[in-house]
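The values are calculated or read from the model by the stated rules, or taken from the named source; none is laboratory data. All figures in this text were calculated on a predicted structure; none of them were measured in a lab. Ideal geometry is used to build each Cβ from the backbone, glycine not excepted, and the neighbour counts take in all protein chains shown.
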Amino acid sequence: MLNKAALEKFQNSLLDRRVQIEKNLTGTTLELDEMRELELNDEGDFASVSAETVVDSAILEQQRKELNEIELALDKIKNGTYGICEMCEEPIGIQRLEVKNFARFCITCREINEKEQK
């Protein structure tokens, strides 16, 4: 079980990351809007902007997913269920939480879950 200091540390890092992602999402969305308004002079310009837009859209999608995971983790801290695997209900190792502070599964269950997703 995580002590209060560890929980606060994880909560603060989750909150910091949430702020960072929200800034990224706002900035990237504004950039994409500006790109859509550009007058593109030739196919090369269009191809370049189009490729960047695809990459930016993929990054945005990934960051939105991470933001959802962060919100879920913050709710778990409030509910007292943070750091407990959603599958086996055993504690998630602190080393795993330090690498991925919004982890929902312990290492063993994560591997099972990933195999089932494929």
- Task: Report yes if LEU30 is at pLDDT below 90 and either under 19 Å from the mean Cα position of the chain (by Cα) or among the hydroxyl-bearing types (Ser, Thr, Tyr) (or both), otherwise no.
- Result: no
- Note on the structure: Over the stretch 55-77, the set of residues of a type in the set (A, V, I, L, M, F, W, C) and in contact (Cβ under 8 Å) with a residue 40 or more places away in the chain is LEU67, ILE70, ALA73, LEU74, ILE77
- Task: Mind counting the residues in the stretch 78-118 that are outside any helix (DSSP H, G or I) and hydrophobic (A, V, I, L, M, F, W, C)?
- Result: 9
- Give me a count of the residues in the stretch 78-118 that are of a type in the set (A, V, I, L, M, F, W, C), surrounded by fewer than 17 Cβ atoms within 10 Å (Cβ to Cβ) and in contact (Cβ under 8 Å) with a residue 12 or more places away in the chain. 5
